[in-house]
Amino acid sequence: MILFEFYQFIVSKKVLEQKYPGGLEYFKKDIPNGTYVEDGHLASARFLKLEDINEFVDLVARKGLHFHRQEFYSNDFSVFTAVGPWWPCEWLSFNTMICALKEH
């Protein structure tokens, strides 16, 4: 079995417009790797390394999004891996994705 080894940062576009300096436009500019994606309600960026997602979480926290480092949670955004979210998130639904070789 191979777990996807990336980190998905997910935030509501409404939260960005309310709390992030410059809103969605500046959030997009702050993503360092060009992985921005969105749908009608959510904005997202992907990171390959733990160090990179941690740096991005620290950046958005400095910009005004809620993140409690010691208790390790946010009311404003979530971070997902292939095994699920880093903390419980009542405002999102998700499906976990893994890859496994079929046995013949």
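Taking segment 1-51, which GluC sites (Glu not before Pro) meet the DSSP loop condition and have no more than 11 other C-beta atoms within 10 Å?
5
How many nm separate the modelled label positions at residue 28 and residue 14, each set 7 Å beyond the Cα in the direction of the Cβ?
Distance between the two pseudo-spin positions: 2.1 nm.
What area, in nm² and to one decimal, does the C-alpha convex hull of segment 2-99 cast on average over all directions?
6.2
Each reported figure results from applying straightforward, stated rules to the coordinates on display, with no laboratory input. Please read all numbers here as calculations on a predicted model, not as lab measurements. In this analysis, Cβ positions are derived from the backbone assuming ideal geometry, glycine residues included, and neighbour counts consider all displayed protein chains.
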